[in-house]
Amino acid sequence: MSVAAQVVKKFINDPETVVPEALAGIAAAHPGLVRVDLENQLVLRADAPVRGKVGLVSGGGSGHEPLHGGLVGVGMLDAACAGAVFTSPVPDQMAAATRAVDGGAGVLHIVKNYTGDVLNFRMAAELAEDEGLRVESVVIDDDVAVQDSLYTAGRRGVGATVLAEKLAGARAEQGGTLAEVAGVARKVNEQSRSFGVALTSCATPASGTPIFDLGPDEIEVGVGIHGEPGRRREKLAPANEIVGMMLDPILEDLKPAGGSSVLAFVNGLGGTPLLELYLVFNEVSKQLAEQGVSVGRSLVGNYITSLEMAGASITLLALDDELTALWDAPVKTAALRWGV
Amino acid sequence: MSVAAQVVKKFINDPETVVPEALAGIAAAHPGLVRVDLENQLVLRADAPVRGKVGLVSGGGSGHEPLHGGLVGVGMLDAACAGAVFTSPVPDQMAAATRAVDGGAGVLHIVKNYTGDVLNFRMAAELAEDEGLRVESVVIDDDVAVQDSLYTAGRRGVGATVLAEKLAGARAEQGGTLAEVAGVARKVNEQSRSFGVALTSCATPASGTPIFDLGPDEIEVGVGIHGEPGRRREKLAPANEIVGMMLDPILEDLKPAGGSSVLAFVNGLGGTPLLELYLVFNEVSKQLAEQGVSVGRSLVGNYITSLEMAGASITLLALDDELTALWDAPVKTAALRWGV
Amino acid sequence: MQVTRWMQECSAAIAEQKDYLTQLDAAIGDADHGSNMTRGFAAVEQKLTELDGGTPPGKVLITAGQTLVSTVGGASGPLWGTALRRAGRALGESETVDPSQLADALAAAVEGVIELGAAQPGDKTMVDALQPAVDSFRSQVDAGAELAAALSAATAAAEEGMRATVPMLARKGRASYLGERSIGHQDPGATSAALIVAALERSLSDER
Amino acid sequence: MQVTRWMQECSAAIAEQKDYLTQLDAAIGDADHGSNMTRGFAAVEQKLTELDGGTPPGKVLITAGQTLVSTVGGASGPLWGTALRRAGRALGESETVDPSQLADALAAAVEGVIELGAAQPGDKTMVDALQPAVDSFRSQVDAGAELAAALSAATAAAEEGMRATVPMLARKGRASYLGERSIGHQDPGATSAALIVAALERSLSDER
Ligand SMILES: Nc1ncnc2c1ncn2[C@@H]1O[C@H](COP(=O)(O)OP(=O)(O)O)[C@@H](O)[C@H]1O
Ligand SMILES: Nc1ncnc2c1ncn2[C@@H]1O[C@H](COP(=O)(O)OP(=O)(O)O)[C@@H](O)[C@H]1O
Ligand SMILES: [Mg+2]
Ligand SMILES: [Mg+2]
Ligand SMILES: [Mg+2]
Ligand SMILES: [Mg+2]
C-alpha cells in the first residue's frame, strides 16, 4: 500500500488562494483581537502599533497553524507574516510588518532557523534599518533531532518558538526594552530542547499527496514541521517507548539539574487526537518524575503543526522564577489565552 | 485502494487503558484546574462541590476530546464522565459525578441525544434522586442531518453541546437556580442547529482500522461524531460548495430572521488542519452575509471531535442579549478560557 | 436451573464472536458492540463467582443484570441489564424454575427492553430476535413440549428474527441515523441476542 | 544582449518542470521548490513587460532579482534574487554585453550566492551546478571560443554538476536535516540552476 499514492482531501477552493482565504477567516473570526493586511499577508494585533512597546514580529510558511497568526495579540506577537504553505514569506512582508508594529521602542524578529526564514528575515531587517527602524533578531533552533548541526543548516526551530513568543511577548507587554525582550527570547531558546515523531506524512494543498511514504507499521523519528522525513525510520512501538525515544535525546542535550523544574510542552503535529496527546503527556510526566525532573508548567495541544500530519513533538524548557512568571503573565490571542 | 484495509497508527500502550491513561494525563497537565477520579473515570472541577452553585454534569463516550473533560472548570462543567471510546459511560459513573458536584442547589445533566447516553443518564438520575439529590436533565439534539427524526432515535447531539455547556455553566456561575440553568441549556438547544461532513473515517484504538471506507474523491455528508457513515455520499467539491451543503439544511431548519445575529461555530472533527477550518469559517461568514445573517460571536477549532477524522461541522446558534452575555462571561477550562 | 451456567455460556459465545459483532456495528453503528457485550458478560461471570451456590436463580439474574448496567454502557448495557433484572424479578425467590416460569421470565425480559427502549418489532433491534424467541418458547411450552424442544424452537426463532433484520430500515438506535442506508445490514444487537438465546438452550438442554 | 529573452526562457522551462522540481524537493525537502521558482519567474516575466525596451541589461537583471526576492520566499528567493542583482550590478550601465562581461556577471552571481548562503561546492546545493557552469564558460571565453560554444559548455557543466549532487551528503538547506538519508537524491536547487543556465544558452545562441 503506497501512502504516497493516496490523495489527501481538503477543504479548499483553489490551492493558490488557501492562505489568503484562511487569513480572511482569521480576520472574520477574531475582530477586535486582530486585523489582517491581505495584501502583505499579515495578521496584526488590533491596536498595533502600541506606543512605547517593543513590537514582536514572527512569521514563516503557512501550514503550522495556530502558529503564528493565532499567537498574535496582547502579551504575545504584534504581527505574524504568512508565507505560502511551508514557504518562508518574503522580505517585503516582513518589512511591512515591522513598520506596522513599531511603537518607537524597536522591533524584535523571532525567526525559526530554516535557511529560507533566516535569509528573508535578514533582508527584511536590512530594509527596515535602512528606514531608520531599530530591529533585533533572535533565531530559534531547539530541535535536537538535527545532529552535527555545525556542518549543516543547524538545528531547526520548532516548539520553543511558541514559548519564546509567549515569554518575550510578556516581557514586552511589561515595558521591557528591545534588549531585554530579545534577551528573554534568547534565554528561552538556550533553555529549550525539542524532538518530534511522525506517524503519517502530510500533503500540501498544491501537491495534494503525502510528501513521504510511510508503511502501516513505520514511524519517522526526528521530524520537523514541514512534512520532511526524519532522521530515521523505526517500527511503530508502544507510546511509552516512543516517548522514551523523544525524551532521551532532549534530556541528554538539556541536562536539567536533578530536582529542577521544566515547562513540558506536548505538541500535536495536526492529525493526532487530543486523547492521544494527553496519553503522551502522562508518559512524559511519569518518565520525567523517574529522572527526578518536576513539571512546573505544562502545555498540551496543537500549537505548531505540520498540516494534518499525525504525530507529536515534545519540548522541555528549563524554568526559573523569571520565565515562570512570564509564562503566567496574561495573554490574549486566538490560540493561547489566560488572565484576561 | 481500500481505506478500510489501512491501519491507523496511534500513540497508545494498550487499547484497554487508553482512556484512564489520557485521564491521568489531563490530571497531570491541569493541576489546580481539575482533579480526576480514576476509579469512576471522572474529570472534576478542582474545587467541586461549589457550595450553593448548581452543579453541571455531562459525559459520554471518549474520543471527542476536548469534550467533555477539557470543558470542566469555572463557568462551565463541574464534572465530565468518560466512557470507553465511543461508548456511553455507565450510570454508576454519572451518579458518582452527581454526588461529587452537588453543592446543595441541585445538579443539571447535559445529555447528548444518543440512545446509550440517554438511557444511562436516566438510570443515573434515578439512582441520584433515590439518594435525595435534585437532578434535572437536558437532552441536546441539534443535528439536522438526521431526518424524519420522529420515527427514529431522533436528532443527534453534536456542536450545540459545547455551547449549552458554556452558557448554562455561565448561568450557574452567576448563581442561577437549577430551573434557570436548565432553561438556558434548553434554550441553547432550541436555538441551535448543526451539520457535519467527513473527508475521512476514523479508527477506534480497539479496532485500529477505519470504521468506514471512503474513496479518494468521496466525502460523507451528514455525519455525527462516532465515525459512523453519514446520510449520503458525495463527490469531493470545493470548500464553498461543501459549506453550502452544510449551511442550507441548517438555515432551512433554524430559519433565522433576516438581520438577526448568530454565533457561528466551525468545529473540526479532529484531523483537519486549522488552516482549513479558518478557510471554512471564511466561507461561512461570506455565505451568511449573503443571506442577511450577521455573525455576532464565533468559535473556530477542534472542540467536539471524532478521533482523527478529517472533517468539520458547522453549528449556528441564534443569539439574543441573554445568550450573548452568557457567552462573553468568564470561563476557565483547559479548552475554552477567557476573562479569567 | 443453572443461571450461572447460562451466563458463562453467554460470556464464552459473545467473547468468541466479539470481532464479528463489532464489524456488524461498524457497518451501521459505531463499532463497539462486540467489546461492550464482551466486557459486560466477563464482568457478570466474575461477579457471579462471589455469590454462594444456594442463591436462588432470580437473585442470580438480578445480580447479572445490575452488573451489565454497571459495566457495559452504550445502549445495550441498560437494555440487557433491564432485561435480566426483570426476568430475575419474575422468578422471585423460587429455588427451581419450571418451563412456564421460564417463559414468564423471558416475557418479562422482553417487556422490560421494549418499555425502556420503546422499540417495536420491525425497528431493527435486539427486540426482533428476542420477541419471536420468547413467543415460540411460550407456545411450545403451552403445547406441552419438552424443555429441550421448546428451547431449540426459541433458538431457531431468534436466529430467524436476527436474519430478518437485514432488510429492515432501522428506526431505533444509531443505525436509525443512516435512514435508507441501514437497509441490507444485520443488526448487531439482534445478533448478540440470538447468541444469548442459543446459550440458554446449551446451558439447559444438557442439564440432564 | 536579450536578458528579457533569458528570463522568458527561464520562466517557460521552470514552469514546464514545476512538478518535477517539487518531486525532487519532496524527497529531501518540503515539496515547494517547483511552485516557488515558477511563481517567481512568472512575476519576473510580468514585471519586465513594464520596463521600456531601452533599459540596459544590467538594470533588467537587477529588476528581475528584486522581483524574485519579493515573490519567491523560501531559500531560493533570496539566493536567486541576490545572484541576478549581483550579475546586474556587474554589468553596470553598459548597453551591450560581450562574452567576457557576461563571464564576469555570472561569476558575480555565484559569489553572491556563496556569500549569502555560505554553501561550499560539494554541499549539495545550487552552487554545485552554478560554479562549474561559470568556470567552464570563463575558461572557454578566455580560450577565445565562440559564444555559442562557451554557452553549451556551460550548460553541459551545469547539468554534470546537477547530476553530481546525487551521491552528495547535504550540508546546507533543508536536505541537511536528513543527514545520511540525503544521499542518493538529486538536489532540486541544482536542478533549477541547470535549467536556468540552459535557458541562457537558448536565449543567446539563436540571437544570430
Ligand atoms: N431503543 C432500542 N431498543 C432496543 N434495542 C436497541 C435500541 N437502541 C439500540 N438497540 C440495540 O443496541 C444495539 C447497539 O448496541 P451497542 O453498540 O452496544 O450500543 P451503542 O449503539 O450505544 O454503541 C443495536 O444493534 C440495537 O440492537
Ligand atoms: N545555504 C544555501 N546555499 C545555496 N543554496 C541553498 C542553500 N540552502 C538551500 N539552497 C538551495 O535551495 C534549494 C531549496 O529551495 P526551496 O525549496 O525553494 O526553498 P526551501 O528549502 O526554503 O523550501 C535547495 O535544493 C538548495 O539547492
Ligand atoms: Mg519551503
Ligand atoms: Mg457506542
Ligand atoms: Mg455501538
Ligand atoms: Mg523547499
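Since every read-out is calculated from the coordinates, none of them should be taken as a lab result. All of these numbers come straight from a predicted model, not from anything done at the bench. In this analysis, Cβ positions are derived from the backbone assuming ideal geometry, glycine residues included, and neighbour counts consider all displayed protein chains.
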Estimated FRET transfer efficiency (B:Glu126, B:Glu322; beta-carbon r; R0 35 Å; 0.05): 0.65
Calculated P(r) tail over 23 Å for the range B:239-340, as whole % of Cα pairs: 28 percent
Using θ = phi - 60° and Karplus 6.51 cos²θ - 1.76 cosθ + 1.60, couplings along the range C:156-167 (whole Hz; Gly, Pro as x): 4, 5, 5, 5, 5, x, 4, 5, 5, 6, 4, x
Label point 7 Å beyond Cα of A:Ala179 along Cβ direction - residues of the range A:121-137 with amide nitrogen under 16 Å: A:134-137
Exam field: A:Asp14 pseudo-label spacings to other copies (7 Å along Cα-Cβ), nanometres: 5.5
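What net charge do the residues around D:Glu160 carry, taking every other residue with its C-beta under 14 Å from that of D:Glu160, with Lys and Arg at +1 and Asp and Glu at -1?
Values: positive: D:Arg163; negative: D:Asp128, D:Asp135, D:Glu159, D:Asp187.
The answer is -3.
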Chain B: most fluctuating residue of B:Glu21, B:Glu39, B:Glu136 per GNM, C-alpha cutoff 10 Å: B:Glu39
Aspartates and glutamates with Cα under 17 Å of D:Lys59, excluding same-chain neighbours fewer than 8 positions away: D:Glu45, D:Glu50, D:Glu93, D:Glu95, D:Asp98, D:Asp104
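Let me know the charge dipole size of chain C about its Cα centre in debye, to the nearest 20, where only the beta-carbon of Lys, Arg (+1) and Asp, Glu (-1) is charged.
On the way: 17 positive and 27 negative charges, 100 e Å.
I would put it at about 480 debye.
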Sequence-distant residues sharing a close amide H with B:Val107 (under 5 Å, placed H): B:Gly55, B:Arg134, B:Val135, B:Glu136
Stokes-Einstein D in µm²/s, Kirkwood radius over Cα pairs - the protein assembly as shown at 10 °C with 1.306 mPa s viscosity: 51 µm²/s
Using θ = phi - 60° and Karplus 6.51 cos²θ - 1.76 cosθ + 1.60, couplings along the range B:192-198 (whole Hz; Gly, Pro as x): 10, 9, 9, 7, x, 10, 10
Label-point separation in nm, D:Ala15 to B:Glu241, each point 7 Å along Cα→Cβ: 2.7 nm
Nearest-first distances (nm) between copies at D:Thr55, label 7 Å from Cα via Cβ: 9.2
Under 5 Å, built H, 5+ apart or other chain: amide partners of B:Arg232: B:Val221
CD proxy at 222 nm, helix term only [per DSSP H run n ≥ 4: -39500 (n - 2.57); per residue of chain D; nearest 500]: -23000 deg cm²/dmol
Residues in the range C:24-53 reached by a label modelled at C:Ile183 [backbone nitrogen below 19 Å; 7 Å Cα→Cβ]: C:27-29
Position D:Glu16, label points 7 Å along Cα→Cβ, spacing to each other copy in nm (shortest first, one decimal): 6.9
Pairwise centroid distance, computed over Cα atoms, of the range D:76-92 with the range D:2-39, Å: 17 Å
Pair-distance profile P(r), taking every C-alpha pair of the range A:177-217, with 10 angstrom steps and integer %: 22, 25, 18, 27, 9, 0
Per principal axis, descending, Cα span of the range B:1-143 in whole Å: 56, 34, 26
Distance histogram for chain B (every C-alpha pair counted, 20 angstrom bins, percent rounded to whole numbers): 33, 59, 8
DSSP beta bridge pairing in the protein assembly as shown, given as percent antiparallel to the nearest 5: 55 percent
Most fluctuating residue given options B:Ser294, B:Ser207, B:Ser194, as computed from a GNM of chain B linking Cα atoms under 10 Å: B:Ser207
Span per principal axis, largest first, for the Cα atoms of the range B:63-197 (Å): 40, 29, 27
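Return the ratio Rg/(2.2 N^0.38 Å) for the range C:41-117, where Rg is computed over Cα atoms only.
Numbers: Rg = 12.1 Å, N = 77, 2.2 N^0.38 = 11.5 Å.
Scaled against compact globular proteins, the figure is 1.05.
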Intensity falloff of chain D expressed as log10 I(q)/I(0), Debye formula with alpha-carbon point scatterers, at q = 0.08, 0.12, 0.15 Å⁻¹: -0.24, -0.54, -0.86
Cut-off under 5 Å, modelled amide H: who pairs with B:Ser62 long-range: B:Gly83, B:Ala84, B:Val85, B:Phe86, B:Thr87
Acute angle (nearest 10 degrees) that the helix C:3-16 long axis makes with the longest principal axis of chain C, alpha-carbon atoms: 30 degrees
Estimated distance in nm for a label pair at B:Thr17 and D:Gln46, the labels positioned 7 Å out from Cα along Cα-to-Cβ: 5.8 nm
Using θ = phi - 60° and Karplus 6.51 cos²θ - 1.76 cosθ + 1.60, couplings along the range A:128-142 (whole Hz; Gly, Pro as x): 5, 5, 4, 8, x, 7, 9, 10, 10, 10, 10, 9, 9, 9, 9
Label-point separation in nm, D:Val166 to B:Glu252, each point 7 Å along Cα→Cβ: 5.9 nm
Local electrostatic count, A:Ile219, Cβ distance below 14 Å [Lys/Arg +1, Asp/Glu -1]: -1
Top of B:Lys166, B:Lys112, B:Lys235 by mean-square fluctuation, Gaussian network on chain B, Cα under 10 Å: B:Lys235
Within chain B, helix-based [θ] at 222 nm, where runs of 4 or more DSSP H residues each add -39,500 (n - 2.57), nearest 500: -10000 deg cm²/dmol
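When the Kirkwood radius is taken over all Cα pairs of the range B:297-340, what Stokes-Einstein diffusion coefficient follows at 25 °C and 0.890 mPa s, in µm²/s? Don't skip to the answer; put the middle values down first.
Working: Rh = 12.6 Å.
Rounded to a whole number, D works out at 195 µm²/s.
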